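Encoded as structure tokens, the structure appears first; notes follow it.
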Amino acid sequence: SASASASVDSASSTLLLSFSDQGQNLAGIFFQSSLLPYLTFLYFLSFRGNRVPALGNFGFQFLLLFVLSTIPGGIISKGQYGVTLADCDWLHGSAEALLTVTNVLIVLGFRDAMTTKTEADSSEGGGLSKITKSRLVAFASFGLFAAFAAIGPNVGFGAHSAFLFGLGDLSPDATLALPWVTHNEPVNALSIPTWAIHFSSVYEFLFAMNVIWAFADATDNPKWKGLTWGMIPSHASGIAACTYHLFYNPSALQFIVTTQAGLTLLGNITLAIAAYRIAVSNGWTIGELNPLPRSKTSPQGIVVDNIAAMPLNTVAATESDAALAAKLLGLTFLSAYAVKYGELGLDLPFTPNPLAATAIVAGFPALTALAYYNRSKREGGEGGFSLPSFGKGEDGEGGGGGGGLSMSDVKKFGVAGTVAYIITELAFWAVAFPVASTAYYQTAGHWPDVINDGGDRATVLGFIFAGANVARLLVPLRLGAALALAPWVDENIISR
């Protein structure tokens, strides 16, 4: 009994350590802090006046189950095998599959709503509707994950057992026979199924950004394009995860995990702001927070109900579901094989390179943002943001004109606009020091002593200076955040 008690104590300690590993570092704090803004996003997105497709709305809500799945996944990988979830392929791939399900639901929901007169919520021939079937499949996928997580360690799955038994993986001999291969694959390398899940999630999210941009035309509401812009930090977070795996999850690049978590937090904040703007444009007011029943004859309620009842503008689908699925599968597996076996012929992934990793994390989302910037210039309207140019300040002056956001737009709100802009700038500086200190810790191996050590102080200030220069490239987002915040500042600070 003494040994049994010791075993229980040891197991409890291991579980506590796994929670500590996930929750007490900066990445864990960022991930935990991102939940509240995401719930705020879901609240505003679900406002009845927005006419959000039920299946697409469910997709965004289903993301919470993906987040939930990472908790037992992390506990099992740490408690049973002593590795992180990223290094436990079968658990990693199983959890990540739920993110793929999330993105598929979002794409199908918004796409179907724009290409059919009704949202296919009625059953044909007494059968289940497409929406009901999709929800059942989604919940079944979560049930499968729970089952795998519960029985996996008891049926012989090891720390590095491959997801779906490595279906599609080449044998070690076949891998070494490839003419360009110069390195052996590490034991924690992602399997083809797990790489496929990751790339599928990235491509599906890009598809989702595109259909949500198009939803602005379906609703005659350009504020929906702002949601696509708000999704870019989340897209960057997904790229950060793939970058970390590209280098085989080295501890030397732990700052990429922290960056991923920070981008998740930022992305959920921008999603919440975008959804708030959509909801307000469709009649949401602070009175919606009143839990008491509203009058059925309220003028504001009648306006919102009329907006909610308006039909969507539908168009013919440019490609069938089968064609879209074929395109996704082709891109997914081509990318999975190219990365998994192509990088074995390169030295870069086997030598952690912070500069290269940072360039990848910043580069691909920047290309996505550039694509939407050019698209918004062609289409005009609210979807456009004007990127800052050399010789042109934040006030938008200095020649060249342009119809993007500028400081003059913020000034139109008077004192409230100025205060809102100050708040957004203070928010940057509030996180600049802890982020810079963490970056120093990741590179030097100890926390900076900014009071007694001049070298540490100069290095941290250098990180902050570099971050401030990068932040200048995000002037449109900062101005947009100030504009979104200005009405609240006017109502709750200035006018009180």
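The values are calculated or read from the model by the stated rules, or taken from the named source; none is laboratory data. From a predicted model like this one, the values you see are computed outputs, not experimental measurements. FYI the Cβ positions are ideal-geometry reconstructions off the backbone, even for glycines, and counts take in every protein chain you see. With ligands, DNA and RNA removed, areas are computed over all heavy atoms of the protein, side chains included. Shrake-Rupley method; radii C 1.70, N 1.55, O 1.52, S 1.80 Å.
Look at N210 and say whether it is open to solvent by 50 Å² or more (accessible area, probe 1.4 Å), without any contact (Cβ under 8 Å) to a residue 40 or more places away in the chain and within 22 Å of the chain's Cα centre (by Cα). In short, yes.
Return a yes/no flag: does the range 278-296 have any residue that is open to solvent by less than 30 Å² (accessible area, probe 1.4 Å), under 30 Å from F255 (Cβ atoms) and either modelled with pLDDT of 85 or more or touching a Gly at 6+ places or on another chain (Cβ under 9 Å) (or both). No - not one qualifying residue is present in the range 278-296.
Of everything in the range 338-349 that is open to solvent by 40 Å² or more (accessible area, probe 1.4 Å) and under 27 Å from the mean Cα position of the chain (by Cα), the residue that is modelled with the lowest pLDDT is L348.
The number of residues in the range 68-83 that are assigned to a helix (DSSP H, G or I) and either without any contact (Cβ under 8 Å) to a residue 12 or more places away in the chain or not small (G, A, S) (or both) comes to 9.
Residues in the range 8-67 that are modelled with pLDDT of 90 or more, open to solvent by 20 Å² or more (accessible area, probe 1.4 Å) and not in a helix (DSSP H, G or I): S46, R51, V52.
Residue by residue, here is whether (1) open to solvent by less than 10 Å² (accessible area, probe 1.4 Å); (2) among the aliphatic types (A, V, I, L, M); (3) at pLDDT below 95 holds:
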{"residue": "H198", "(1), (2), (3)": "yes, no, no"}
{"residue": "D217", "(1), (2), (3)": "no, no, yes"}
{"residue": "P222", "(1), (2), (3)": "no, no, yes"}
{"residue": "G230", "(1), (2), (3)": "yes, no, yes"}
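For the range 432-439, the criterion of being outside any helix (DSSP H, G or I), out of contact with any His (no Cβ under 8 Å at 6 or more places or on another chain), at pLDDT 70 or above and open to solvent by 60 Å² or more (accessible area, probe 1.4 Å) is met by none of the residues. Looking at this structure, is S335 modelled with pLDDT under 65 and crowded, with 17+ Cβ neighbours inside 10 Å? Criteria not met by S335. Within the range 87-99, the set of residues being open to solvent by less than 20 Å² (accessible area, probe 1.4 Å) and either assigned to a helix (DSSP H, G or I) or of a type in the set (S, T, N, Q) (or both) comprises D89, W90, L91, H92, G93, S94, A95, L98. In summary, H160 fulfils each of the numbered conditions (1) modelled with pLDDT under 95; (2) open to solvent by less than 40 Å² (accessible area, probe 1.4 Å) with the single exception of condition (2). Only a single item in (1) within 28 Å of L334 (Cβ to Cβ); (2) open to solvent by 70 Å² or more (accessible area, probe 1.4 Å) is not met by K130, and it is number (1).
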